[in-house]
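Engineer: The structure is given below, and queries will be raised subsequently.
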Amino acid sequence: MVKSFTTAAATLALTFGLGIGSAWAQTATTTTEAATPAASTAQIMDYGIGATDAKVVIDEFASFTCPHCAHFHDDVYPQLKADYIDTGKVRLVYHEVYFDRYGLWAAMMARCGGEMRYIGIVDTLYSTQKDWAGSDNPATVVDNLKKIGRAAGMDDASIDACMKDSTMAQALIDHYETSFKAAGIEGTPTFLINGEKHTNMAYPDMKALIDAELAK
């Protein structure tokens with residue numbers, strides 16, 4: 001999925017301002033006290049999986065609404081995880097890219113559960129992408145995302161408080177703009193393998209690049 005960085009950032013600013021508040025209001029559960037969001041609004045961290053001292057670090061830039069990204073996570077990621085991440089050879093760091101408001105909302109949901117739930121929610125978002133993101137109705141998408149949050153063990157009060165956190169949403173957009181520009185990313189998914197940029201690829205091609213780095 002390739003999209004102009006400037007256009008994407010401008011669209012996000014508009015769709016966040018006009019979209020999430022009204023869409024979420026249609027489905028929010030009334031509570032007597034607000035829950036504390038699990039994700040920090042002061043600093044946005046990029047979460048990863050794998051040994052922190054792994055010889056190979058793969059930075060993945062991907063969007064939760066990108067079909068090619070979902071294909072990578074369904075077909076390539078399980079092999080990468082089994083062969084390299086679980087064996088301590090590779091650390092995968094996930095960098096969220098927001099080309100639309102659904103992608104931003106999904107990222108907020110993934111972060112609502114905190115770092116411990118993040119990777120599991122990311123897996124669900126990709127494996128069920130066509131289901132939760134397949135509607136043109138924002139309120140329906142919100143409902144679908146709430147179901148994912150509940151399945152991950154969160155209650156409605158926590159989900160509502162987190163997803164209404166406009167400070168976190170703006171911080172995510174700012175972080176995305178900075179990291180996207182700094183890495184020179186033009187489309188998703190894009191991978192930096194020990195700092196070297198590569199576009200979407202089949203597992204044998206990624207495996208060859210990883211093995212070459214491990215052999216150094």
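The values are calculated or read from the model by the stated rules, or taken from the named source; none is laboratory data. Since the structure is predicted, the reported quantities are computational estimates derived from the model, not experimental observations. Cβ atoms come from the backbone with ideal geometry, glycine included; neighbour counts cover every protein chain shown.
Engineer: Can you pull out the residues in region 51-72 that are part of a helix (DSSP H, G or I), of a type outside the set (A, V, I, L, M) and surrounded by 20 or more Cβ atoms within 10 Å (Cβ to Cβ)?
Structural biologist: Cys69, Phe72
Engineer: Across region 95-109, which residue is surrounded by the most Cβ atoms within 10 Å (Cβ to Cβ) among those that are part of a helix (DSSP H, G or I) and touching a strand residue (DSSP E or B) at 6+ places or on another chain (Cβ under 8 Å)?
Structural biologist: So, considering only residues that are part of a helix (DSSP H, G or I) and touching a strand residue (DSSP E or B) at 6+ places or on another chain (Cβ under 8 Å), the one surrounded by the most Cβ atoms within 10 Å (Cβ to Cβ) is Ala107.
Engineer: Could you figure out which of (1) without any contact (Cβ under 8 Å) to a residue 40 or more places away in the chain; (2) part of a helix (DSSP H, G or I) isn't true of Asp136?
Structural biologist: Unmet condition: (2).
Engineer: Oh, and also: With the structure loaded, tell me whether Thr167 is surrounded by fewer than 16 Cβ atoms within 10 Å (Cβ to Cβ) and either modelled with pLDDT under 90 or in contact with a Phe, Trp or Tyr (Cβ under 6 Å, 6 or more places away or on another chain) (or both) or whether it fails that test.
Structural biologist: Spelling it out, Thr167 is indeed surrounded by fewer than 16 Cβ atoms within 10 Å (Cβ to Cβ) and either modelled with pLDDT under 90 or in contact with a Phe, Trp or Tyr (Cβ under 6 Å, 6 or more places away or on another chain) (or both).
Engineer: Only residues in region 139-159 that are within 15 Å of Leu104 (Cα to Cα) count as the first member; pair them with residues that are of a type in the set (Lys, Arg) and assigned to a helix (DSSP H, G or I), Cβ under 8 angstrom, at least 6 apart or cross-chain, and list the lot.
Structural biologist: Pairs that qualify, where the first residue is within 15 Å of Leu104 (Cα to Cα) and the partner is of a type in the set (Lys, Arg) and assigned to a helix (DSSP H, G or I), are Ile159/Lys146; Ile159/Arg150.
Engineer: Residue under question is Met116, and the condition is that it be over 26 Å from Ala208 (Cβ atoms) and either out of contact with any Cys (no Cβ under 7 Å at 6 or more places or on another chain) or part of a helix (DSSP H, G or I) (or both); does it hold?
Structural biologist: So Met116 passes the test.
Engineer: Given the criterion β-branched (Val, Ile, Thr), more than 14 Å from Leu172 (Cβ to Cβ), assigned to a loop (DSSP other than H, G, I, E, B) and modelled with pLDDT under 50, identify the matching residue among Thr11, Thr36.
Structural biologist: Thr36
Engineer: Got a sec? Which of Gly114, Gly103, Gly187 is without any contact (Cβ under 8 Å) to a residue 60 or more places away in the chain and of a type in the set (Gly, Ala, Ser)?
Structural biologist: The match here is Gly103.
Engineer: Same structure, new question: Here is a check on your reading of the model: is Asn200 crowded, with 17+ Cβ neighbours inside 10 Å and without any contact (Cβ under 8 Å) to a residue 40 or more places away in the chain?
Structural biologist: The answer is no for Asn200.
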